[in-house]
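K.L.:
Following this message is one structure expressed as structure tokens.
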Amino acid sequence: MSAFEFFFSFYGLVLGFSAAELAGGFAGLVQRRRTVRFGYLTVLLAAFVAIDIATFWAQAWTILRFAPFNFALLILGLVVAITFYVAASLVFAKDPPEGAHLDEHFWENRRIVLLCVLAANLVMVAVLTTLTLGTGEFGAINRPMLWIGLAIFTTFTLIAALAKKKGVVTAALVILLLYHGQTITRSAALLVKGGGWTILQSKAPKDS
């Protein structure tokens, strides 16, 4: 087992609990769909958090796959994963009363959810910057689009977390989802351009 496999068996497990919280919360509300009113703000927030969790799964591969075994990295992964778990656990209301509207739960908890997500992202940016400065690889990642993307993400996450008007919060969440959407689209385009992948195991050449 490599150092990354050992780390990710722990990090991925805890991060996976966050995805399970979102899925379980959504499934529970679908079961109560006749007695609980869905709010589109909660749906937007859930989609944003879910995609960001997937982003962190990808970032672990990009940033940490060559990392050595280190206890400090395990603690860092624990902190990041728990931060996401707290955010995910607050997206959907637990056992909402009959007739409840999810928008009420959204306004009570969106600040904690969004600030937790933002904090986790900033921690990973700090780790990436510190690491690449130390190894001399900062120039390889120092691209304008990286910082423009971080500025967009940070600005609109703060707006969605702190703004008081529903229209402003809605617009900020939509922009964040569009931001993630263009990343997903770009990745899908690269996959198509590469011709996909084989699903058949190549046969070993027969001995002559």
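Just so you know, all these numbers are worked out from the coordinates, no wet-lab data involved. What you see is a predicted model, and the numbers here were worked out from it, not measured in a lab. Using ideal geometry, Cβ is built from the backbone for each residue, glycine included, and neighbour counts are taken over all protein chains shown.
K.L.:
Using only alpha carbon pairs under 8 Å that are at least six residues apart, calculate the relative contact order of region 30-148 and give it in whole percent.
P.N.:
37 percent
K.L.:
Hey, another quick one. Using the Kirkwood radius over Cα pairs, work out the Stokes-Einstein diffusion coefficient for region 78-208 at 4 °C and 1.567 mPa s, in µm²/s as a whole number.
P.N.:
71 µm²/s
K.L.:
Moving on. Give the residues of region 65-87 whose amide nitrogen is closer than 18 Å to a point set 7 Å from the Cα of E137 in the direction of its Cβ.
P.N.:
The answer is 65-70, 73-74, 77, whose backbone nitrogens lie closer than 18 Å to the label point.
K.L.:
Could you tell me which chymotrypsin sites (Phe, Trp or Tyr not before Pro) in region 19-94 are loop residues by DSSP with no more than 13 other beta carbons within 10 angstrom of their beta carbon?
P.N.:
Here the sparse-neighbourhood loop sites are F66, F69.
K.L.:
Mind pulling the angle between the C-alpha long axis of helix 40-64 and the longest principal axis of the chain? Nearest 10 degrees, somewhere in 0 to 90.
P.N.:
For helix 40-64, the angle is close to 20 degrees.
K.L.:
Separate question: Taking only Cα atoms, what is the 0 to 90° angle, nearest 10, from helix 3-31's long axis to the longest principal axis of the chain?
P.N.:
Tilt relative to the chain: about 30 degrees.
K.L.:
Do any GluC sites (Glu not before Pro) in region 40-112 lie in a loop, going by DSSP, with at most 10 other beta-carbon atoms within 10 Å of their beta carbon, and if so which?
P.N.:
Here the sparse-neighbourhood loop sites are E98.
K.L.:
In degrees, nearest 10, range 0 to 90: what is the angle between the Cα axis of helix 166-193 and the longest Cα principal axis of the chain?
P.N.:
Helix 166-193 and the main axis of the chain meet at about 20 degrees.
K.L.:
If you don't mind, there's one more thing I want to ask. Kindly provide the Kirkwood hydrodynamic radius of region 3-189 in Å, to one decimal, from all pairs of distinct alpha carbon atoms.
P.N.:
Evaluated on region 3-189, it is 17.6 Å.
K.L.:
Right, next: With each label point set 7 Å from Cα along the Cα-Cβ vector, what nm distance links L122 and A23?
P.N.:
3.1 nm
K.L.:
Then there's this: Any idea how far apart A58 and D95 come out in nm if each label point goes 7 Å out from Cα toward Cβ?
P.N.:
Between A58 and D95, the label points sit 3.9 nm apart.
K.L.:
With unit charges on the beta carbon (Lys/Arg positive, Asp/Glu negative), name the residue among N142, V123, F71 whose Cα is farthest towards the positive pole of the charge dipole of the chain.
P.N.:
Among N142, V123, F71, the one farthest towards the positive end of the dipole of the chain is N142.
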